[in-house]
1. Is at least one residue of region 307-318 in contact with a Lys or Arg (Cβ under 8 Å, 6 or more places away or on another chain) and not in a helix (DSSP H, G or I)?
2. Going residue by residue through region 283-297, is there one that turns out to be assigned to a helix (DSSP H, G or I) and modelled with pLDDT of 95 or more?
3. Can you name the number of the only condition in (1) crowded, with 21+ Cβ neighbours inside 10 Å; (2) in a loop (DSSP other than H, G, I, E, B); (3) hydrophobic (A, V, I, L, M, F, W, C) that Ala502 fails?
4. Counting only residues that are under 10 Å from the mean Cα position of the chain (by Cα) and under 15 Å from Phe634 (Cβ atoms), which one in region 167-185 is nearest to the ligand (Cβ to nearest atom)?
5. Consider region 194-231. How many of its residues are open to solvent by less than 10 Å² (accessible area, probe 1.4 Å) and either within 16 Å of the ligand (Cβ to nearest atom) or under 23 Å from Tyr603 (Cα atoms) (or both)?
6. Consider region 17-68. How many of its residues are closer than 26 Å to Phe259 by Cβ, at pLDDT below 95 and of a type outside the set (Ser, Thr, Tyr)?
7. Are there any helices (runs of 4 or more DSSP H) wholly within region 68-166 with 2 or more residues that are under 30 Å from Leu236 (Cβ atoms) and not acidic (Asp, Glu), and if so which?
Amino acid sequence: MLKQLLFGAMFTLVVFGGVQAQEKQKTTAIEKKVDELLSKMTLDEKIGQLNQYTSRWEMTGPAPAGSSEQEMLDQIKSGMVGSMLNVTGADATLKAQKLAVENTRLGIPMIFGYDVVHGYKTMFPIPLATASSWDASAAELSAHIAAVETAASGIHWTFAPMVDISRDARWGRVMEGAGEDPYLGSVMSAAQVRGFQGSDLILENTIAACAKHFAAYGFAEAGRDYNTVDISEYTLQNVVLPPFHAAVDAGVATLMNSFNVIGGVPSTSNPHLLRDMLKGAWGFDGFVVSDWNSIGELHNHGVAADLKEAAYLAIKAGSDMDMEGYAYIDHLKELVEEGRIDEALIDDATRRVLRIKYELGLFDDPYKYSKLDEEGLVLSEEHLAAAREVAKKSIVLLKNENHLLPLKKAGQKIAVIGDLADDKDSPLGSWRAQAVTGSAVSLLEGITNVITDNSAVVFERGPVFVSNTPAFQQHLQYNETDPSGIEAAVELAKKMDVVVMALGENCFQTGEGRSQTDISLKGYQQELLEAVYAVNKNVVVVLMNGRPLVIDWMAENVPAIVEAWQLGSEAGNAIADVLFGDYNPAGKLPMSFPRSVGQCPIYYNHFSTGRADDTGTVFWSHYTDESNEPLFPFGYGLSYTSFDYSDLQLSANEISANQKLNVRVTVKNTGDVDGEEVVQLYVHDLYGSIARPVKELKGYKKIFLKAGESQTVTFELDSDDLKFFTAWKVWEAEPGDFNLWVGTNSQTGLKGAFKLK
Ligand code: BGC
C-alpha cells in the first residue's frame, strides 16, 4: 500500500514536473519570438499595436470621433491598428484580418475583442444569476460554451468576466457581476477565466479573458453609472480587489481599466493600481486595455488638460492599449520624441500585447478562428441543454408559503399573467452579444411545454410594460399612461386555481448606463399584482430582473416568489422545471434585497458602527422609518425541502498561525423530497487593528441530500483564510478572538468561537 502511494506521489511529481517544464519552454519560446519581432518594429508600428478601434457597424459606446471608416481602413493597412472590437462573424473577421496581415510590413495580426458577457448566441443566465447558483462549475461551463461559440466566429478575446463587487442595486451593471461578496466574487471570477481560457489559449475553443473594470467601478456614488468613487484603501484591498487577484491567479490574459476615479485619481491613470499592484506585486504579465475612451476621459475628469497629457498619464500609469481614445495613436510618438516618455514604456506595453497574440497562436495562423465552422458550433442542442442546466441552478426560491409550489402538471387551471410572461427577448439580458432578438423560450412557452392534457393554461398580458421597442443604446419608455389590461387579468384570475405572474424588469432596464433611483416595479406592475391578488390569493410571482428589487408589498402578501433573473435562451423551460418540481431550486442570493431604496448601499459584511444596538432612544445607528435589515439577506434561498443543521464541532478552541481548524456540522434533509443545499461558513474577527466586518463568508459547500438523509460537512480554516489588509497596510491575520457560523444564509447559523494565537 505504502509502495503504491509512494509510486503515485512520484508519478504525480514527475508528470507535474514535466508539465511545468513544458510550460517554461513554451514561455521562453514565446518571449524569444516577442523580442525578435519587437527588435524589428519601428516606433510607429509599436504604437499601432497599442491602438484599438471599434468597427463602425456595431458600437457599444458613444460614436467614435477620431476617424472615418475609410481612414480607419487605411490605418489598419498601414499597421496603425493592433486590435479591433465589435467585428463579429467568421467572414467579417477574416476580411478585417486580411487587411492587416496582407498589407502591413510585418504582417502582425490584429486581436479582435467583443463583449461576450454571458453567451455569444446561446445565451446563459446573466452573471448575477449564475452567481446565485454558487456553483463554480456552472460559471465555468457557461464561459466555456461562450468561448467555443465566440472563437467559431473569429473573435479571440472577450471583455469578461466583469468582476466588480457592488453593494448598490441602483447601479444597472450589477447584472454583469457576481454581487456584493469578495469571496463568492473571487470564486466566480476564477471559474469564468478558466471557462473562457481553458487549459491553453492556443486551443481553438478558447479565447482570452479580460477581468474588468479595474477598479472599484461598482462603488459609483449613489449607484449612478460612471460616477465618482471615493473609497478607502481598506475597502479597495479587502473588498474590491480580491476577485481581480483571483482572475490574475487563474491566468487571465488581460484586464480593463474602469471609468471612475478613486479618491480623485482616475483608475486609467493610476500607477499605484496598475504598476505597483497589478504588474508589480501580483506579477501580471498580460496587458491592460482602457475602457471605451477612458484615456480621453482623463480630460473630462480634470486631470489632463488635453489628449496628449491624457496619453502621457495613461501610458506612464500602465494602461497598455487605448480603446477608442485616439490618444496613443495621436500622441505617443510625439511624447517619446520630446523625451517625456521613455521608449522602454512603449516596448513594455507592446511586448505585453504581442505576448497574448503569440499565446493565442495568431502568428501561426492569423485566420485560424475565422476558418471554423461557425454554423455547426453555435446554438447547438448541446449548448442549449447546458444553458437550461445553468439556468435552473440560478433560480432562487424567495418565498413558498403552505407549499404552494411546486405546481401540479395535471388537473389545474393556471392563469399566466404579465407582459414579461410571453416576452421572448428580455430573458436574453442586456449584454447579449449575437443573440437572436426574441429567441428565448418565454415563461408561457415553458409552462405550456410541461403541463399535461387535463390542465388549462390561459394567458392575459395585463398592461403593456414598456411603450417603445428599446435598443441597446436607447432609453426605455415605461407605460405609465395606459392601465388597460388589468380588468381582463383580474377576470381571468377569478376563474383559475392558481396565478403565475411574471413581473420585474425589461432586459434594457439594467446594464451599462441604466442606473435607477427607484428600483421597485415599474409601469403598472404593482397595480396589476395587487388587483390580481385581491381576487385570487394563490399567486406565484416569477421575478425576471437584472438587479435586486424593492418588493416589500409582494414579500409581505404573495405566498410564493421565484427569483428567475434573466436566464438566457432556455429561460422559460428552466423556470418551468422549478415551478413544476422537476428541479428542486437551490440558488442563494449573491446580493442583499433592500426593503427600501433608501437603504442602498446595503450589504451583509458591514462594520458594526459605534452605535449598533437599539438603546430605546433615537441615538443609535438606524432609520426612523425603516428597519436596518434587508428584505432578503445575502446567501438566502429556500428549497422544496427543509434542512436541519446540528452538532457544530470545531477541532480546537485555539489555533496557531500554522495550524488548521476543522469545522464540522451535520446537515439533514428533513423534508420529503431530495434537494441541494449551500452550506455557508462565516466568521467575525472580533477586534482588529481596524474595524472588521460583522460577518465574512469564508467558505461554502453545495451538497445534495436525499429526503431524510444526513451528511457531515467539513471545512478547514487556517490563518491564511483570516488575513486582511490591516491598519499597517499588510495582508496579515491578527491574533485574537473569532466567532464562526455555519448555516443556510448570512443571517442564521450555528455559532462557534475560536482564538488565533
Ligand atoms: C464598457 C465595457 C465594454 C466596452 C466595450 C464600455 O462602455 O464599460 O465594459 O467592454 O464598453 O464595449
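1. yes
2. There is at least one residue in region 283-297 that is assigned to a helix (DSSP H, G or I) and modelled with pLDDT of 95 or more.
3. Status for Ala502: all satisfied but (2).
4. So the residue we want is Gly177.
5. Residues that pass the stated criteria total 16.
6. Total satisfying the criteria: 10.
7. 127-132, 136-152
Residue-by-condition table, conditions (1) more than 16 Å from the ligand (Cβ to nearest atom); (2) open to solvent by 20 Å² or more (accessible area, probe 1.4 Å):
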| position | (1), (2) |
| --- | --- |
| Glu491 | yes, yes |
| Asp497 | yes, yes |
| Phe508 | no, no |
| Leu549 | yes, no |
| Ile561 | yes, no |
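The values are calculated or read from the model by the stated rules, or taken from the named source; none is laboratory data. Note that the structure is predicted; figures quoted are calculated from it, not measured. Note: ideal-geometry Cβ built from the backbone for every residue, glycine included; neighbour counts use all protein chains shown. What goes into the accessible areas is simple: the full protein's heavy atoms, side chains included, and nothing from ligands, DNA or RNA. Shrake-Rupley method; radii C 1.70, N 1.55, O 1.52, S 1.80 Å.
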